[in-house]
């Protein structure tokens, strides 16, 4: 699914960029670095999805897609990511589940490169201020995805 982006405010330059987006991992894989600030982000299994997401930050509206999800955050596929540190409200509806409206913060970005050497531009968004009920529902969705995708 191609990402559609509509922005009403230009993004400010980010202070942190990562060369690779959150790669999809299967349970038990170890794509996590040995140490550093990425440890927490990499300690939760991520699962590929193709869900639409609306991102609202101040007067910026971004209509994009979620490329993968974990219990701690999502990777939003977009050619026009928000600045690192930006707070936003994420609205998305996993198929078969009640919609989510969650707070997030841009943790890192993966910009489009002029040479085209970046097939996965976007931004890693960490969930913040999750209410216990939202956390439970989110974990339920992720467990269902993991169960459905487990090899037999």
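Each value in this text was obtained by applying a stated rule to the coordinates, not by laboratory testing. Source: prediction; values computed, not measured. Quick reminder, even Gly has a Cβ in these numbers, built from the backbone with ideal geometry, and neighbours come from all protein chains shown.
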* To do: Filter the range 114-126 for residues that are farther than 15 Å from residue 69 by Cα and surrounded by 11 or more Cβ atoms within 10 Å (Cβ to Cβ) and give the result.
  => 118, 121
* Test result for residue 48, under 19 Å from residue 143 (Cβ atoms), out of contact with any helix residue (DSSP H, G or I) (no Cβ under 7 Å at 6 or more places or on another chain) and surrounded by 15 or more Cβ atoms within 10 Å (Cβ to Cβ) -> yes
* Across the range 62-72, what is the number of residues that are touching a helix residue (DSSP H, G or I) at 6+ places or on another chain (Cβ under 7 Å) and either free of Cβ contacts under 8 Å to residues at least 24 places away in the same chain or crowded, with 24+ Cβ neighbours inside 10 Å (or both)? -> 1
* Asked: Are there any strands (runs of 3 or more DSSP E) wholly within the range 36-141 with 3 or more residues that are over 11 Å from the mean Cα position of the chain (by Cα), and if so which?
  -> 47-57, 60-69, 87-92, 100-110
